[in-house]
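Engineer: Below you'll find the structure I mean.
The values are calculated or read from the model by the stated rules, or taken from the named source; none is laboratory data. The model shown is predicted, which means the values in this text are computed figures rather than measured ones. Using ideal geometry, Cβ is built from the backbone for each residue, glycine included, and neighbour counts are taken over all protein chains shown.
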Amino acid sequence: MTNPESAAPPVQHEWVAGPGDAARIALTATMATVRRPALVVVAVVWLLYIVIRAVAVGPDVWLIGILLPLIPVAITYFLVYRNLRASMGPGAQWVSGFGEESMLIGGPLGRSVLPYRSLSGIRVGGRLVFLTVRPRGRLGFPAALFPPDAVAHVRARIDD
């Protein structure tokens, strides 16, 4: 039986969180969630409803109609930020490494080896890189751990 740790790629990139990084990354993650196509369609339909209602009935719903969609966005940000404070607080060290068959991702809570065959996509979004893990999971990591050559390496391994 082989030890999974022996197959781990060496550490190649390191990122140390600074003050405010957890808040900035939480905002990036929240905006990535809000920009999903299904939510954009819902927001457009909601905005059309508010405009039509304001024209037909009067502007009594403008304030509530505009503020109501912001509540789930604020809750999402708060929950993401609360979860990131432990792992991305000032001084938290993150590492990554890329091998032929797998990649290493590590943070203050532990290290994981992800085989490329378990990934179905990689997307850079602002301060985060999102990995899509089969069958339907999405993981976000600081973009500093995935320089452009590492992103290209992962994409090449996923496309194989």
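Engineer: Could you identify the single residue in Arg53, Arg117 that is over 20 Å from Thr28 (Cβ atoms), at pLDDT 85 or above, of a type outside the set (A, V, I, L, M, F, W, C) and in a helix (DSSP H, G or I)?
Structural biologist: Going through Arg53, Arg117 in turn, just one is over 20 Å from Thr28 (Cβ atoms), at pLDDT 85 or above, of a type outside the set (A, V, I, L, M, F, W, C) and in a helix (DSSP H, G or I): Arg117.
Engineer: I need the full set of residues from segment 5-37 which are of a type in the set (Gly, Ala, Ser) and either within 18 Å of Gln93 (Cβ to Cβ) or in contact (Cβ under 8 Å) with a residue 12 or more places away in the chain (or both), in order please.
Structural biologist: Passing the criteria: Ala7, Ala8, Ala17, Gly18, Gly20, Ala22, Ala23, Ala26, Ala29, Ala32.
Engineer: Would you pick out the residues in segment 61-88 that are at pLDDT below 80 and surrounded by fewer than 13 Cβ atoms within 10 Å (Cβ to Cβ)?
Structural biologist: Correct list: Leu63, Ile64, Ile66, Leu67, Leu68.
Engineer: Okay, next question. Just one of (1) touching a residue at least 24 places away in the same chain (Cβ under 8 Å); (2) crowded, with 17+ Cβ neighbours inside 10 Å trips up Ala143, so point out which.
Structural biologist: All conditions pass for Ala143, except number (1).
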